[in-house]
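The structure under discussion appears below in the form of structure tokens.
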Amino acid sequence: RNTATKEGLSFEEVCQKMDELYERKPVFEIVLAGTGMGVDKNLTKEAYEAIMQADILLGAERMIRDYEPRIEKKPYYQAAKIIPYLKELQENRITARVKRVVILFSGDSGFYSGCESLYQSLEQEISKGTLSATLRILPGISSISYLAACTGVSYQDAAIRSTHGKACWQQELLETIKYHTKT
């Protein structure tokens, strides 16, 4: 405090500001990473590095099986399990050791992926202040891109559809094939 001008903060005000800053400091760096076709050689370098630097690795069992994060891995890939797990870590102050949480998704994180709904759920928790984290998405190579590269056929004019998670996909697919040369 400048005693001549009475400018500055009191000790209590400084402590309060520090508490506010500490509480707002993200506890976790959460990365949602697409794994492409599921083999290391098809991972982007950025996704591979995130996996190698993970403290905690989450995702379907088949995707996390071959990796050893620094602390632990769990076969969680849905918000219903991931969010309570992260909140428990945060509340138990285990977070001093945990910084990087990487959650793996098959294929491209932006194409018929569970990544979108998890991202929205995590964003909600962060916005409400119930989860202290930063969040980012790393794309994976989609099977469509991979197929196009292998066959030498572009997909810029293709009608792209997925049957993943759809109960009644046959009619939609038949309609698409009927009206689009390249499906």
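The values are calculated or read from the model by the stated rules, or taken from the named source; none is laboratory data. Treat the numbers as computed from the prediction; the structure is a model and nothing was measured. Note: ideal-geometry Cβ built from the backbone for every residue, glycine included; neighbour counts use all protein chains shown. The area values use the complete protein model at the heavy-atom level, side chains included, leaving out ligands, DNA and RNA. Shrake-Rupley method; radii C 1.70, N 1.55, O 1.52, S 1.80 Å.
Key figures
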item	result
Those helices (runs of 4 or more DSSP H) lying entirely in segment 74-183 with at least 3 residues closer than 30 Å to Val27 by Cβ and open to solvent by 40 Å² or more (accessible area, probe 1.4 Å)	79-91, 115-128
Any hit, segment 61-69, residues being within 14 Å of Leu138 (Cα to Cα), among the hydroxyl-bearing types (Ser, Thr, Tyr) and either outside any helix (DSSP H, G or I) or in contact with a Lys or Arg (Cβ under 6 Å, 6 or more places away or on another chain) (or both)	no
Test result for Arg62, out of contact with any strand residue (DSSP E or B) (no Cβ under 9 Å at 6 or more places or on another chain), closer than 23 Å to Thr44 by Cβ and touching a residue at least 24 places away in the same chain (Cβ under 8 Å)	yes
Hits in segment 26-49 (condition: in contact (Cβ under 8 Å) with a residue 40 or more places away in the chain and either in contact with a helix residue (DSSP H, G or I) (Cβ under 6 Å, 6 or more places away or on another chain) or assigned to a loop (DSSP other than H, G, I, E, B) (or both))	Pro26, Val27, Val31, Leu32, Ala33, Thr35, Gly36, Met37, Gly38, Leu43, Thr44
Residues of segment 50-59 satisfying the condition of being without any contact (Cβ under 8 Å) to a residue 60 or more places away in the chain, closer than 15 Å to Ile137 by Cβ and assigned to a helix (DSSP H, G or I)	Ile51
Matching option when the condition is under 30 Å from Tyr48 (Cβ atoms), among the polar types (S, T, N, Q) and within 12 Å of the chain's Cα centre (by Cα), among Ser117, Ser132, Ser143, Ser162	Ser117
Number of the exception - Tyr85 against (1) of a type in the set (Ser, Thr, Tyr); (2) touching a His at 6+ places or on another chain (Cβ under 9 Å); (3) without any contact (Cβ under 8 Å) to a residue 40 or more places away in the chain	(2)
Check on Ser106, closer than 22 Å to Glu49 by Cα and among the small types (Gly, Ala, Ser)	yes
All positions within segment 71-81 that are within 18 Å of Ile51 (Cα to Cα) and free of Cβ contacts under 8 Å to residues at least 40 places away in the same chain	Ile71, Glu72, Lys73, Lys74, Pro75, Tyr76
Selection count, segment 89-116, where residues are at pLDDT 90 or above and more than 30 Å from Arg161 (Cα to Cα)	2
Evaluation of Arg65 against (1) closer than 20 Å to Leu135 by Cα; (2) modelled with pLDDT of 90 or more (one fails), failing number	(1)
